[in-house]
Amino acid sequence: MGMHIAFWVLSLLAVAAAVGVIWQKNLFRAVLFLVLCFFAIAGIFVTLSADFLAAAQLIINVGAVAILMIMSIMLTREITSGSPSNMLGLPALAVTGILAAAIIMVSSSASWLLSPSSPVESTTGALATILFNNEGFIFLIQLAALLVLVTIIGAIVLLKEEE
Amino acid sequence: MPGLEHYLILSALLFCIGLTGAIIKRNAVVILMCIEIMLAGVNVAMVAFSRFITPLQLGGQLFTIFIIIVAAAEVAIGLAIILALYRKRQTVDTEKTDFLKW
Amino acid sequence: MMSNIPEIVFWLIPGLPLAAFGIVFLGLRVLRLKSGFAALLSVSATAASFGLSLWTGISMLSAPGTSSLDGFNWFSSGNAITVDIGLLINPLTAIMLVVVSTVSLLVQIYSIGYMRGDNALNRYFSFISLFTFAMLFMVMSNNLLVMFMAWELVGLCSYLLIGFWFHRPKAASAAKKAFFVTRIGDFGFLAAILILFSSTGTFSIEGIHQAAASGIVSSAAITWAALGIFFGAMGKSAQFPLHTWLPDAMEGPTPVSALIHAATMVAAGVFLVARMFPLFEYSETALSTVAIVGGITALLAATIALVMWDIKKVLAYSTISQLGYMMLGIGLGGPGVALFHLFTHAFFKALLFMGAGSVNHSTGTLDMRNMGGLARYMPWTCITFVIGALSLSGIWPLAGFFSKEEILAAALEGQPVLFAIALLTVFITAFYMFRAVFTTFGGSYRGRSKPHESSAAMLLPMLVMAVLAVCAGWLNATGAIDSLLDDGTKHAWTTGIFGVFTHSLTWISLLMAAAGIFLAWAIYVKRWFSAERISSRFALPYFFFINKYWFDEIYNIIIGNKLLNKGIFSFFEKLDERVIDGAVNGIARLTSSTGSFVRRAQNGRLQTYLLFFAAGLAILVLMMVIIS
């Protein structure tokens, strides 16, 4: 029962915050809505007993990404013009509405092969075992590290002042 | 305990809201934010699958970790591009950056 | 029968000219032969096949019969269609072989003199050799499809040789006209071949005859096939109403006219009808059509010949008229009568053309108004030409008399109206021939250039031909040719030559011919009557004759202009402009307008693309929902 309440509250919050990101004309408030949305999603992760992910979500998305967003808003100095919409509102709504309806229809009508066993509690250790195991994803983790490195270098190159 | 369907519906809603925003917003930073919302929606679905279908193997959570890594990288690069664009054209309005055409 | 002749001989008869054609044709560009060598090669190949043909003919006379050579398989399609290239040698073929190879040989020798100095002699001799091959092969082939092929090849040679001096626009257009008009007839022939194949299942001539005799072919099919074959013959043999190409064909070199358009190719139609005569025997309709068309052609062409001033045109219309005679003969009296006339006609008409060529060579003109008095300058030409004219007019004891006599006799038995036409034509023929003789050779010379007698290379073949024009008729004095082709009875040669005077028909026809000659003498030598006076007295028929009954004009206006230009061609032009071009332009316009509409989507805003992308995704998901 507690789970239900938590789920419903968090999902409503997440959806409302997502709508708020779009709805809000003020850029700073939009970012704040985004942060709220990420918080709610972290909560959703907790209800799914993914505790490590919830933490990662908070640290990376709320901590790093949102701050980055705020910084770039400041750097682009576009606060005065706000966050207007273009002319594609209605067709976009129609398309995404149909898409959402279709996905909802499929996912609710499909018969999922649900597993009866209860999930792993405290996933941090288990995830670490899988990720850094020699038979596991160690190579991919190293690739991801490389990707982040390349990203940093790329960002620097892109933003380097031209003489 | 809410069922898998509930999480999937939430995921679909988040994804589509993010998509709508990505299509209709004119500020490039907001578009990037909407893309983050779409990715978050996907993450919800991943974790939900992991929880309800393979609760002992954590495959979905692994995917989510990689998605978060790639998303972070993407935000970094995306914001760099936006700043570079702003530096060149003094705007991040997508209505004014339509030089990719016939 | 005919076992004394090895098979290879039959193959060599058409094969030698073909080989000569190949060598000479290659010699045009590749081997760079001297033209004298080309002529020598061509003539000697034809001479050899003449010798072999003569051998065939003589052994056929002594031991008549039919021999069929299977030859080799050309192609077969499934089990239904097998086409062999084989030979069928029967008396008919033997006669044609002799005629074709004789005339071809003499004309080629004559050409050496006539064409001297022409800068395209190799081409000329290669075409003549090809023609000789095609003609010989056509008369020998045992298969309608192969025969049709040779038939078309003959037409092609005719085209090539009429247009030999293709730099003259008249020659080029005459060649085209000949090709087109005969092609109309060929359509009938081809249709007949298809009808026969679909109803008998074979292309073999003997097979078709057997099928027709056994009665498995419906009489309607036989009639249509026979009419189709006759239609083909009408085109090739210049029968009314497809006769208009032959006078124009006179634009070709005169030896060509002598060989192709007087003696051999134009007679191919008659030969074809004779070859397929067993079919015609089963169709009264077809036979009477043949006779009536022949009769009309004979009279019509003769009347036009009355008023022509071009000596070759006179001879051309005369040829049409005589071919009409042959058709008349075949329709009323069977192939024997017609083939005999074909036989004699080939010689005397080729002789007349050679004479005309000789005259043309020395005076440089074909217009008889610019000739006259040539007997003094060209005695040999004059003598041979007069012999030819007498033979054509049917004067005893020349060749033309005997053959024409048989046709008249057949007509008298068969159809009184056609007999009257034939008899009238005898009179007209004699008149126009001697009109030509008197205006060309009689009186005083009216031209400008100085006439001279032709060279030996031209005179020699003319003399040989003159002998043949006199004697060819005697071959049948004992009824030999008749008995070869029909089941005639043999009799003593004196009966054949002198016995004719016991019939009143002989006297009538001789009287008509003599009257014609006398009238021509009276008008053009003695000038008792003025030709102009007569033509103005009979203004209306003269008007008809001089305009050749407006056949060309009618064809030009009705078929050429109304039906083709304004009808079919403009229909297709419109169709091309509106429908085909319209479709192409429409597609182009549709593409361009679609493009200019769709390019609005390509507005450079990534979000628009994202919208379409999302729409595509939505459609895909929806499709999967609907399918599952």
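Being surrounded by 20 or more Cβ atoms within 10 Å (Cβ to Cβ), of a type outside the set (A, V, I, L, M, F, W, C) and within 14 Å of chain C (Cβ to nearest Cβ) is a property that B:T64 lacks. Applying the set (1) in contact with a Gly (Cβ under 9 Å, 6 or more places away or on another chain); (2) facing chain B (nearest Cβ under 7 Å) to A:V65 leaves exactly one unmet item: (1). Annotation: B:L58 fulfils all but one of (1) more than 14 Å from chain C (Cβ to nearest Cβ); (2) surrounded by 19 or more Cβ atoms within 10 Å (Cβ to Cβ); (3) over 29 Å from A:A126 (Cβ atoms); (4) without any contact (Cβ under 8 Å) to a residue 24 or more places away in the chain; the unmet one is (3). Within segment C:102-133, the set of residues being in contact (Cβ under 8 Å) with a residue 60 or more places away in the chain and of a type in the set (A, V, I, L, M) comprises C:V103, C:L105, C:L106, C:V107, C:I109, C:I112, C:M115, C:L121, C:I128, C:L130. Could you tell me whether any residue of segment B:21-31 is open to solvent by 10 Å² or more (accessible area, probe 1.4 Å), in contact (Cβ under 8 Å) with a residue 60 or more places away in the chain and at the interface with another protein chain (Cβ under 7 Å from one of its Cβ atoms)? Yes. Is it true that B:A73 is away from chain C (no Cβ under 14 Å) and modelled with pLDDT of 90 or more? In short, yes. All of (1) open to solvent by 10 Å² or more (accessible area, probe 1.4 Å); (2) more than 7 Å from every other protein chain (Cβ to nearest Cβ) hold for B:L83 with one exception: (2). Take the conditions free of Cβ contacts under 8 Å to residues at least 24 places away in the same chain and facing chain A (nearest Cβ under 7 Å) and apply them to B:I37. Does it pass? It is true that B:I37 is free of Cβ contacts under 8 Å to residues at least 24 places away in the same chain and facing chain A (nearest Cβ under 7 Å).
Taken over segment C:572-601, the criterion of being open to solvent by less than 90 Å² (accessible area, probe 1.4 Å) and within 14 Å of another protein chain (Cβ to nearest Cβ) is satisfied by C:S592, C:G595, C:S596, C:V598, C:A601. Among all residues of segment A:134-141, there is at least one that is in a loop (DSSP other than H, G, I, E, B), more than 22 Å from A:L34 (Cβ to Cβ) and open to solvent by 80 Å² or more (accessible area, probe 1.4 Å).
For the residues A:S49, A:S108, the requirement of being of a type in the set (S, T, N, Q) and either farther than 21 Å from B:V42 by Cα or touching a residue at least 12 places away in the same chain (Cβ under 8 Å) (or both) singles out A:S49. Among the residues making up segment C:602-628, those that are more than 21 Å from B:I24 (Cβ to Cβ) and surrounded by 10 or more Cβ atoms within 10 Å (Cβ to Cβ) are C:L620, C:L622, C:M623, C:M624, C:V625. Taking segment C:287-311 as the range and being crowded, with 21+ Cβ neighbours inside 10 Å and not in a helix (DSSP H, G or I) as the test, the residues that pass are C:V307, C:M308.
Looking for something surrounded by fewer than 11 Cβ atoms within 10 Å (Cβ to Cβ), on the phi > 0 side of the Ramachandran plot and more than 32 Å from the chain's Cα centre (by Cα) - is there at least one such residue anywhere in segment C:536-552? No, that holds for no residue.
Is it true that A:F28 is over 12 Å from the mean Cα position of the chain (by Cα), surrounded by 16 or more Cβ atoms within 10 Å (Cβ to Cβ) and either within 8 Å of chain B (Cβ to nearest Cβ) or over 20 Å from B:G41 (Cβ atoms) (or both)? Here the answer is no, as A:F28 does not meet what is asked.
When A:M74 is tested against (1) open to solvent by 10 Å² or more (accessible area, probe 1.4 Å); (2) under 13 Å from the mean Cα position of the chain (by Cα), exactly one condition is not met: (2).
Name the one entry in B:A12, B:A48 that is part of a helix (DSSP H, G or I), more than 27 Å from A:A126 (Cα to Cα), facing chain A (nearest Cβ under 7 Å) and among the hydrophobic types (A, V, I, L, M, F, W, C). Every option except B:A12 fails the conditions. Would you call C:F133 open to solvent by 20 Å² or more (accessible area, probe 1.4 Å) and closer than 19 Å to C:P6 by Cβ? No: the conditions fail for C:F133. With respect to the conditions (1) in a loop (DSSP other than H, G, I, E, B); (2) modelled with pLDDT of 85 or more, C:N119 lacks only one, and its number is (2).
Residues in segment C:578-618 that are among the hydrophobic types (A, V, I, L, M, F, W, C) and either touching a Cys at 6+ places or on another chain (Cβ under 8 Å) or closer than 30 Å to B:D93 by Cβ (or both): C:F597, C:V598, C:A601, C:L606, C:L610, C:L611, C:F612, C:F613, C:A614, C:A615, C:L617, C:A618. Regarding A:L48, is this residue at pLDDT below 90 and within 7 Å of chain B (Cβ to nearest Cβ)? Yes. Restricting the first member to segment A:119-137 and to residues that are within 11 Å of another protein chain (Cβ to nearest Cβ) and more than 14 Å from B:I65 (Cβ to Cβ), and the second to residues that are modelled with pLDDT of 80 or more and not in a loop (DSSP other than H, G, I, E, B), the beta-carbon pairs closer than 6 Å and six or more apart or on different chains are A:P119/B:R51; A:V120/A:A126. Being more than 9 Å from every other protein chain (Cβ to nearest Cβ), of a type outside the set (S, T, Y) and under 17 Å from the mean Cα position of the chain (by Cα) is true of A:A55. Looking across segment A:83-116, the residues that are in a helix (DSSP H, G or I), of a type outside the set (S, T, N, Q) and more than 7 Å from every other protein chain (Cβ to nearest Cβ) come down to A:L90, A:A94, A:G97, A:A101.
The values are calculated or read from the model by the stated rules, or taken from the named source; none is laboratory data. What you are looking at is a predicted structure, and each value in this text was computed from that prediction instead of being measured. Reconstructed Cβ throughout: ideal geometry from the backbone, glycine too, with neighbour counts over all protein chains shown. All accessible areas refer to the heavy atoms of the entire protein, side chains included, with ligands and DNA or RNA removed. Shrake-Rupley method; radii C 1.70, N 1.55, O 1.52, S 1.80 Å.
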